[in-house]
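Undergrad: Quick one: structure below, then a few questions.
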Amino acid sequence: MARRDDGRRAKVAGAARLLARDPRELFEVVVDQAQRAVDPLRRRPSWAPRPLDEIVAGLESDLGRDVASFLREDGRADIEAEVRERIERLGTDVPFPLAHNAAPSLAQLCYALCRALRPAAVLETGVAYGVTSAFIAKALAMNGEGQLHSVDRAPVRPDARSYIGALVTEELHSRWTLHRGTSRRLLPRLLPDLEGLSLFVHDSQHTYPNVTWELRTVTPYLTRPAAVLVDDVAANRAFEDWVERSRPSFSAVVEEAPVGVAVIAGD
């Protein structure tokens, strides 16, 4: 109970500091929490999930590129082992739950699609400890080109700042740029400067308004072909509604975890 009270006091103190430093960002945090309460009242998703290997086969058919072999290569096994080791080193005394880490299927798709598409730029929203960031940066290093841009707002608790992206190994930092702030604040100024953006990964606030806004904002800036990954699509219909509007050439939801994947084909 004492530790829980300490955590609450730290959050309150952090919120007070955020109010003094950036009232708008504190307002966005409060709005996100309110939207989380509303989402369960919305119409639920109706997609039928599919096994990961079936989805990988569909991606290969749609893209006309190898995807599956990248999941079996040494580079993917290496980064998986490195991330697992760094998670163990974090221990249990961490500022936010390790359950915030990305599902294995999301991390694997990030890696394989990076290798297949060879993007000049990748954009992700939401970092936490940096599982997907590490897998993407590793894939870009294996490609020998490309840069990952990650957007994540500063945690309310100051002691959590050093944990953001902690799973990204030092040798991969040259492939990774962390932008501090909310996606609504940063994406409009960041997107026009990202040339060759062909992979977008949403893993920030999974509320219907936020996912919808991010997908609508990013889609016009994607090169073709491009892939979109959205974590936790079970939370609401944002991914499903975007698919209905955007008509990607391929879309599916992973059975092993509620991860949405879509491909926007070339003209």
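The values are calculated or read from the model by the stated rules, or taken from the named source; none is laboratory data. It should be emphasised that the depicted structure is a prediction, and the values quoted were computed from it without experimental measurement. Cβ sites come from the backbone with ideal geometry, for glycine too, and all protein chains shown count toward neighbours. We work out accessible area using only protein heavy atoms, side chains counted, and drop any ligands, DNA or RNA first. Shrake-Rupley method; radii C 1.70, N 1.55, O 1.52, S 1.80 Å.
Undergrad: Applying the selection to the stretch 124-170, what residues are over 10 Å from the mean Cα position of the chain (by Cα), among the hydroxyl-bearing types (Ser, Thr, Tyr) and crowded, with 22+ Cβ neighbours inside 10 Å?
TA: Tyr129, the sole residue that qualifies.
Undergrad: Output the residues belonging to the stretch 228-267 that are in a helix (DSSP H, G or I), open to solvent by 20 Å² or more (accessible area, probe 1.4 Å) and in contact with a Pro (Cβ under 6 Å, 6 or more places away or on another chain).
TA: Here is the first cut: in the stretch 228-267, the ones in a helix (DSSP H, G or I) are 233-235, 238-246.
Okay, now just the ones that are also open to solvent by 20 Å² or more (accessible area, probe 1.4 Å), so 234-235, 240-241, 243-246.
Scanning the stretch 228-267 gives Ala234, Glu240.
Undergrad: Sticking with this one: Which residue, of Val83, Val94, Val122, Val151, is farther than 25 Å from Ser183 by Cα, β-branched (Val, Ile, Thr) and in contact (Cβ under 8 Å) with a residue 40 or more places away in the chain? Can you show your working first?
TA: Details: Val94 fails: farther than 25 Å from Ser183 by Cα; Val122 fails: farther than 25 Å from Ser183 by Cα; Val151 fails: farther than 25 Å from Ser183 by Cα.
None of the others qualify; the one that does is Val83.
Undergrad: If you don't mind, there's one more thing I want to ask. Being in a helix (DSSP H, G or I), touching a Phe, Trp or Tyr at 6+ places or on another chain (Cβ under 6 Å) and more than 22 Å from Thr217 (Cα to Cα) narrows it down to one residue among Arg161, Arg84, Arg89, Arg115; which is it? Even if it seems obvious, please write down each step before you answer.
TA: Numbers: Arg161 fails: touching a Phe, Trp or Tyr at 6+ places or on another chain (Cβ under 6 Å); Arg84 fails: touching a Phe, Trp or Tyr at 6+ places or on another chain (Cβ under 6 Å); Arg89 fails: touching a Phe, Trp or Tyr at 6+ places or on another chain (Cβ under 6 Å).
Exactly one residue qualifies, and that residue is Arg115.
Undergrad: Could I ask something else about it? Return the total of residues in the stretch 52-61 being under 19 Å from Ala102 (Cα atoms) and either open to solvent by less than 40 Å² (accessible area, probe 1.4 Å) or small (Gly, Ala, Ser) (or both). Can you show your working first?
TA: Here is the first cut: in the stretch 52-61, the ones under 19 Å from Ala102 (Cα atoms) are 52-53, 55-56.
Keeping just the survivors that are either open to solvent by less than 40 Å² (accessible area, probe 1.4 Å) or small (Gly, Ala, Ser) (or both) gives 52, 55-56.
Final tally of qualifying residues: 3.
Undergrad: Would you tally the residues in the stretch 173-213 being aliphatic (A, V, I, L, M) and open to solvent by 10 Å² or more (accessible area, probe 1.4 Å)? Steps first, please.
TA: Step one: filter the stretch 173-213 for residues aliphatic (A, V, I, L, M), giving 178, 186-187, 190-191, 194, 197, 199, 201, 211.
From what's left, open to solvent by 10 Å² or more (accessible area, probe 1.4 Å): 178, 186, 190, 194.
Going through the stretch 173-213 one residue at a time, the tally reaches 4.
Undergrad: Checking Tyr163 against (1) of a type outside the set (Gly, Ala, Ser); (2) at pLDDT below 95; (3) in contact with a Ser or Thr (Cβ under 7 Å, 6 or more places away or on another chain), which single condition isn't satisfied?
TA: The failed condition is (3).
Undergrad: Here's something else I'd like to know. With without any contact (Cβ under 8 Å) to a residue 12 or more places away in the chain and either assigned to a helix (DSSP H, G or I) or hydroxyl-bearing (Ser, Thr, Tyr) (or both) as the only criterion, which of Arg184, Arg189 stands out? Spell out the reasoning first.
TA: Numbers: Arg184 fails: without any contact (Cβ under 8 Å) to a residue 12 or more places away in the chain.
Answer to the selection: Arg189.
Undergrad: Of Asp93, Asp22, which residue is open to solvent by 50 Å² or more (accessible area, probe 1.4 Å), of a type in the set (D, E, K, R), closer than 30 Å to Glu170 by Cβ and at pLDDT below 95?
TA: Only one candidate qualifies: Asp93.
For (1) within 23 Å of the chain's Cα centre (by Cα); (2) modelled with pLDDT of 95 or more; (3) hydrophobic (A, V, I, L, M, F, W, C); (4) open to solvent by 30 Å² or more (accessible area, probe 1.4 Å), each residue gets a yes or a no:
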| position | (1), (2), (3), (4) |
| --- | --- |
| Arg8 | no, no, no, yes |
| Val30 | yes, no, yes, yes |
| Arg43 | no, no, no, yes |
| Leu63 | yes, yes, yes, no |
| Val67 | yes, yes, yes, no |
| Ala81 | yes, yes, yes, yes |
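Undergrad: So which pairs qualify, if the first residue must be in the stretch 53-64 and more than 14 Å from Ala262 (Cβ to Cβ), the second must be among the acidic types (Asp, Glu), the Cβ gap must be under 9 Å, and the two must be at least 6 apart or on different chains?
TA: Pairs found: Glu54/Glu255; Glu60/Asp66.
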